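Visitor: First, the structure itself, so that you have it in front of you.
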Amino acid sequence: MFTVNQTYMERALSLAAQGRGRTSPNPMVGAVLTRQGVIVGEGYHAYAGGDHAEVVALQAAGGAAREAVCYVTLEPCAHYGKTPPCAEALVKAEVTRVVVATYDPNPLVAGEGVRRLRDAGISVEVGLLQEEASRLNEAYFKYIRNRKPFVLLKAALSLDGKLATRTGDSQWITGEGARRRVHEMRNAVDAVAVGIGTVLRDDPMLTTRLEGQEGRDPLRVVLDSRGRLPLTAQLLRSGSHPPLVAVGPRVPATRLRRLKEAGAEVTALPHGDGGLSLRDLLGELGRRKITSVMIEGGGRLATSALQAGIVDKLTVMLSPVLIGGEKAPTLLQGDGIEKLVEALHVTQLTVERLGQDVVLEGYLTEPVAPWVI
């Protein structure tokens, strides 16, 4: 059974999640202010550059914030950025106690916010629902540590592991619930990436389309080593911003010019990983302050990503259909491993039912550990 403290922190985590897909490259943060067991103010960081969660909660509480307890999902900042330090705001409001879910690994914070509160005589506790708070901001935590985006690999498969039939027909393997989940995932990440094969076969838009809800389009990235993207592709005529086409170093200048004239943004990458270097792509995305990318391409891109060791998390949507056929594409291509001891292991596996489909999700790298100072 949850304690009262956990109930308030769970509320703060729920608030924080409302900023999903809108706060990058900042973290999602929620805050709840209580006084004598009653919530007097709450808020969350709604978008990058906007007021932080603690400030929103303090504004909602007004004078009731004095001698209140603040539950916040991430350590309050102690530095000046686009907004003043939240730690200072809490001190000025004269709260008596602050409960923090987890420390902020940002070197500009990293324990300094907690120290500032304690120096002001405020009681501070750290660690309540720490794992949940760390998981919520797993993309931010990875990005802030190494300036590379968190990589999610998504695949929709038949029960026998096929991406499509032998003729390439894949629409639709999964049902409406799973397809809506994909759009929710696009709404949450900073970028989606596909290979040119997927574009040539399906001509996707890769936009976010959520019925009854305003969606946010991620940056759409196409791995296109030879610059084959059709100038009539839907990617060039849809979305809220131009797609990024990653090409190889030997694509003719005339082709690059035509792609740009058609509305694409173009970047050149060296070769590696059996195609374009995916590690160099992550470096380029990191420089653009992209904190998360979802790979939506076919088996070739998925295989390259796994072989390159860049995948952090895997989401597989399994449909209860059997396709069969030796030539029907599967998620992993190539020769595969020789011995089971060489197999990649998915950890922290979760299972969810969406209509007739089953969603399996787990980690290929070590899950984000609670940050400890």
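The values are calculated or read from the model by the stated rules, or taken from the named source; none is laboratory data. What you see is a predicted model; the values in this text were computed from it and never measured. In this analysis, Cβ positions are derived from the backbone assuming ideal geometry, glycine residues included, and neighbour counts consider all displayed protein chains. Each accessible area value is taken on the protein alone, full model and side chains, heavy atoms only, with ligands, DNA and RNA left out. Shrake-Rupley method; radii C 1.70, N 1.55, O 1.52, S 1.80 Å.
Visitor: When only residues in region 171-198 that are of a type in the set (Gly, Ala, Ser) and farther than 20 Å from residue 224 by Cβ count, which is modelled with the highest pLDDT?
Guide: Going residue by residue through region 171-198, those that are of a type in the set (Gly, Ala, Ser) are 175, 177-178, 188, 191, 193, 195, 197.
Now restrict to residues that are farther than 20 Å from residue 224 by Cβ: 175, 177-178, 188.
On the way: 175: 88, 177: 90, 178: 90, 188: 95.
Per the stated criteria, the residue is 188.
Visitor: Please determine whether any residue of region 23-33 is out of contact with any Asp or Glu (no Cβ under 6 Å at 6 or more places or on another chain), over 24 Å from residue 218 (Cβ atoms) and crowded, with 17+ Cβ neighbours inside 10 Å.
Guide: From region 23-33, those out of contact with any Asp or Glu (no Cβ under 6 Å at 6 or more places or on another chain) are 23, 25-30, 33; that's our starting set.
Cutting the leftovers down to over 24 Å from residue 218 (Cβ atoms) gives us 33.
Then drop every residue that is not crowded, with 17+ Cβ neighbours inside 10 Å, which leaves 33.
The answer is yes, given that some residue of region 23-33 is out of contact with any Asp or Glu (no Cβ under 6 Å at 6 or more places or on another chain), over 24 Å from residue 218 (Cβ atoms) and crowded, with 17+ Cβ neighbours inside 10 Å.
Visitor: Oh, and also: Name every residue in region 260-284 that is in contact with a helix residue (DSSP H, G or I) (Cβ under 6 Å, 6 or more places away or on another chain) and free of Cβ contacts under 8 Å to residues at least 12 places away in the same chain, in order of residue number.
Guide: none
Visitor: Among the candidates 114, 40, 56, which residue alone is crowded, with 22+ Cβ neighbours inside 10 Å and either modelled with pLDDT of 95 or more or β-branched (Val, Ile, Thr) (or both)? Lay out the reasoning, then the answer.
Guide: On the way: 40 fails: crowded, with 22+ Cβ neighbours inside 10 Å; 56 fails: crowded, with 22+ Cβ neighbours inside 10 Å.
None of the other options fit; the residue is 114.
Visitor: On the given criteria, is residue 239 closer than 26 Å to residue 24 by Cα, over 24 Å from the mean Cα position of the chain (by Cα) and surrounded by 14 or more Cβ atoms within 10 Å (Cβ to Cβ)? Before you say what the answer is, go through the steps one by one.
Guide: Numbers: closer than 26 Å to residue 24 by Cα: yes; over 24 Å from the mean Cα position of the chain (by Cα): no; surrounded by 14 or more Cβ atoms within 10 Å (Cβ to Cβ): yes.
Here the answer is no, as residue 239 does not meet what is asked.
A quick yes/no check of all residues on (1) without any contact (Cβ under 8 Å) to a residue 40 or more places away in the chain; (2) touching a strand residue (DSSP E or B) at 6+ places or on another chain (Cβ under 7 Å); (3) surrounded by 22 or more Cβ atoms within 10 Å (Cβ to Cβ); (4) among the small types (Gly, Ala, Ser):
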| residue | (1), (2), (3), (4) |
| --- | --- |
| 127 | no, no, no, yes |
| 130 | no, no, no, no |
| 136 | no, no, yes, no |
| 149 | no, yes, yes, no |
| 177 | no, yes, no, yes |
| 185 | no, yes, no, no |
| 190 | no, yes, yes, no |
| 205 | yes, no, no, no |
| 209 | yes, no, no, no |
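Visitor: Then there is this: Taking residue 142 and the conditions (1) touching a strand residue (DSSP E or B) at 6+ places or on another chain (Cβ under 9 Å); (2) within 27 Å of residue 284 (Cα to Cα); (3) open to solvent by less than 20 Å² (accessible area, probe 1.4 Å), which numbered condition does it fall short on, given that it satisfies the others?
Guide: Failed condition: (3).
Visitor: Which of the residues belonging to region 315-328 are part of a strand (DSSP E or B) and either β-branched (Val, Ile, Thr) or open to solvent by less than 30 Å² (accessible area, probe 1.4 Å) (or both)? Even if it seems obvious, please write down each step before you answer.
Guide: From region 315-328, those part of a strand (DSSP E or B) are 315-319; that's our starting set.
Selection gives 315, 316, 317, 319.
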